[in-house]
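Enquirer: One structure is given below, represented as structure tokens, and several questions about it will come after.
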Amino acid sequence: MTQFLSAHKEGVKIGSSTKTDNFFSLYSSMPPAEKIGTIRLGMLTVRIVEAIEHYRIPKSVMLGIVGIPKSTFDRKLKAEVRLSQAETERLARLIEVEDFAEEVFSSKEKSHEWLNKKHTKLGESPISLLDTETGAAQVRKVLGAIAYGGVV
């Protein structure tokens, strides 16, 4: 088992922004098998709080993307339990799309602006589509067209 999964299973909490940045970078660089293991295990609920801060996404938007009611989120956070597999997968999808956007725009600021601004081809802001895989696929398609050229 990898060092990341060992630490993740033990419930290591990450508090500082540098460590939070490292968590999201570490997750992004994992091989697929490790990502699958992390998703199956479930991320700690505190990862949502860290993602809200790291990606500067309003809490209500983040909870909508992850598909977790506020009351359930508050309860899980207080009890220090893990997200379900489905909730973790949705959070992982956000991490991956955010990383792709940062790669395309070469800037965290520019990618954040693009993800939160209404896009004519998508009909709404890209971030608002990340609650479904179909929506996320459309966002990745547009990002790919921006990065490599092509028709959207």
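The values are calculated or read from the model by the stated rules, or taken from the named source; none is laboratory data. None of the values given here were measured: they were computed from a predicted structure. Every residue, glycine among them, receives a Cβ derived from its backbone with ideal geometry; neighbour counts consider all protein chains shown.
Enquirer: Being assigned to a helix (DSSP H, G or I) and under 13 Å from the mean Cα position of the chain (by Cα) narrows it down to one of A147, A92, so name that one.
Expert: Just a single option satisfies the conditions, and that option is A92.
Enquirer: So the check is Cβ under 6 Å with 6+ separation or different chains; which pairs have a first residue in the stretch 123-152 that's without any contact (Cβ under 8 Å) to a residue 12 or more places away in the chain and a second one that's among the small types (G, A, S) and surrounded by 12 or more Cβ atoms within 10 Å (Cβ to Cβ)?
Expert: Close Cβ pairs satisfying both conditions: L129/G135.
Enquirer: Looking at (1) touching a Lys or Arg at 6+ places or on another chain (Cβ under 9 Å); (2) among the charged types (D, E, K, R); (3) surrounded by 18 or more Cβ atoms within 10 Å (Cβ to Cβ), can you tell me which one E133 breaks?
Expert: It is condition (3) that E133 fails.
Enquirer: Which of the residues belonging to the stretch 30-48 are over 21 Å from R75 (Cα atoms) and part of a helix (DSSP H, G or I)?
Expert: Selection gives P32, A33, E34, K35, I36, G37, T38.
Enquirer: Can you go through L83, L94, L115, L143 and tell me which one is surrounded by 19 or more Cβ atoms within 10 Å (Cβ to Cβ) and touching a strand residue (DSSP E or B) at 6+ places or on another chain (Cβ under 8 Å)?
Expert: So the residue among L83, L94, L115, L143 that is surrounded by 19 or more Cβ atoms within 10 Å (Cβ to Cβ) and touching a strand residue (DSSP E or B) at 6+ places or on another chain (Cβ under 8 Å) is L83.
Enquirer: For L91, state whether it is modelled with pLDDT of 95 or more and in contact with a Ser or Thr (Cβ under 7 Å, 6 or more places away or on another chain).
Expert: Against the criterion (modelled with pLDDT of 95 or more and in contact with a Ser or Thr (Cβ under 7 Å, 6 or more places away or on another chain)), L91 does not qualify.
Enquirer: Residue by residue through the stretch 97-125, note down the ones that are under 11 Å from L143 (Cβ atoms) and assigned to a helix (DSSP H, G or I).
Expert: V97, E98, D99, F100, A101, E102, E103, V104, F105, S111, W114, L115
Enquirer: State which residue is surrounded by the most Cβ atoms within 10 Å (Cβ to Cβ) when the search covers only the stretch 68-80 and only residues that are closer than 27 Å to E113 by Cβ and not aliphatic (A, V, I, L, M).
Expert: In the first step, residues of the stretch 68-80 are kept if they are closer than 27 Å to E113 by Cβ; the result is 68, 70, 73.
Okay, now just the ones that are also not aliphatic (A, V, I, L, M), so 70, 73.
Numbers: K70: 10, F73: 19.
Selected residue: F73.
Enquirer: Can you spot a residue in the stretch 47-67 that is surrounded by 16 or more Cβ atoms within 10 Å (Cβ to Cβ), farther than 30 Å from G149 by Cβ, among the hydroxyl-bearing types (S, T, Y) and modelled with pLDDT of 95 or more?
Expert: Checking the stretch 47-67: not a single residue is surrounded by 16 or more Cβ atoms within 10 Å (Cβ to Cβ), farther than 30 Å from G149 by Cβ, among the hydroxyl-bearing types (S, T, Y) and modelled with pLDDT of 95 or more.
Enquirer: Hey, can you tell me all the residues within the stretch 87-111 that are touching a helix residue (DSSP H, G or I) at 6+ places or on another chain (Cβ under 6 Å), free of Cβ contacts under 8 Å to residues at least 12 places away in the same chain and among the acidic types (D, E)?
Expert: The one that is touching a helix residue (DSSP H, G or I) at 6+ places or on another chain (Cβ under 6 Å), free of Cβ contacts under 8 Å to residues at least 12 places away in the same chain and among the acidic types (D, E): E102.
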